[in-house]
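One structure is given here, and the rest of the page talks about it.
The values are calculated or read from the model by the stated rules, or taken from the named source; none is laboratory data. Worth saying up front: this structure is predicted, and the values here are computed from it rather than measured. All Cβ positions, glycine included, derive from the backbone under ideal geometry; neighbour counts span all protein chains shown.
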Amino acid sequence: MASTIRRGPPPRRPVMKRKSKAPKRSIIDRILALPPVSEETLRRVATWTIFGATLAGLVAIAAWFGIPGAVGTAIAEGAGRAGFRVDEIEVTGAEHIDPLTVYAAALDQKSRAMPLVDLEGVREKLLSYGWVQDAHVSRRLPDKLLINIVERKPVAVWQSRGTLTLIDASGVHLAPVSAEAMPDLPLMIGPGADAQEPAYQALLNAAPALKPQVRAATWVGNRRWDITFASGETLALPEGADAAPAALVEFAELDGSSPLLGKGWVRFDMRDPTKLVARKPDLVENHAIAAPAGTTTSAGNTHGTVIEAQHQATGGTEG
């Protein structure tokens, strides 16, 4: 049986449609598409950024080519009129110094245009105040000054001529203080005692066991210390940067082996390196108090009977 073959156009193959690529978006478009910042806000930020960079470039070019200061000032003042002007001051770290004092130092400027604010000048003014150990001053465009204060820490109260003053570890005067509001800090008494604060701290650190018991220290004759303990006794120390700490350590060791503080004594005197003289108000004649036999102190002295007790009226002269 014969078959008939019909000829015609070949069948069409299915055509795959290509997906059209989304048009590339610029970085700015992508930023604008991010929530929740509004498009208007971003445009303003971009405008200020471009303006600030342009202004900084103009000032730098003016300085590089030596354009007269009046021209540079005019450019800076123009920036101030455009919004780059100090309208806000943010202060951190100020616990004792009055924030109004910080504001006054920051605003004491010939011009409040941001480029003309003397940041180092503001810092130097702040450093002139006792409480301020350091200060960091910077700009935050378009209109804010940032000031971070590092304050000194009071470590003692200095008493001189009836006046009480807080001082730091370097002897810097911080602020006056009244007797009623006196903080729980060591009391240093006498002219020049404030300048001896670093040496006084080194003295107390030599005998840490006694440090919590010290209530006050008097700088005598601008050459030596009298230490007053919380239990009421006074210890006269010898002169010298090495002799005084050694004597205090020796006294601490004696008090540790056979307690002396809180036992009714009113005064101890260690100005003579060979003996410790102790005074009681109710003694009518000199007595010798036996320390532990064979006790060797850090000063190298071997004590047998080393403490000589005196009646208060027969004690040696002060100073």
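Taking region 141-172 as the range and being under 30 Å from Asp118 (Cβ atoms) and in contact (Cβ under 8 Å) with a residue 40 or more places away in the chain as the test, the residues that pass are Leu141, Pro142, Asp143, Lys144, Leu145, Leu146, Ile147, Asn148, Ile149, Val150, Glu151, Val172. Taking the listed residues Asp226, Asp255, the one that is at pLDDT 95 or above, acidic (Asp, Glu) and buried (at least 19 other Cβ atoms within 10 Å of the Cβ) is Asp226, with no other qualifying. Residues considered: Leu141, Leu145, Leu126, Leu174. Of these, the only one that is modelled with pLDDT of 90 or more and more than 24 Å from Asp194 (Cβ to Cβ) is Leu145. The number of residues in region 123-159 being over 15 Å from Asp108 (Cα atoms), in contact with a helix residue (DSSP H, G or I) (Cβ under 7 Å, 6 or more places away or on another chain) and among the basic types (Lys, Arg) comes to 1.
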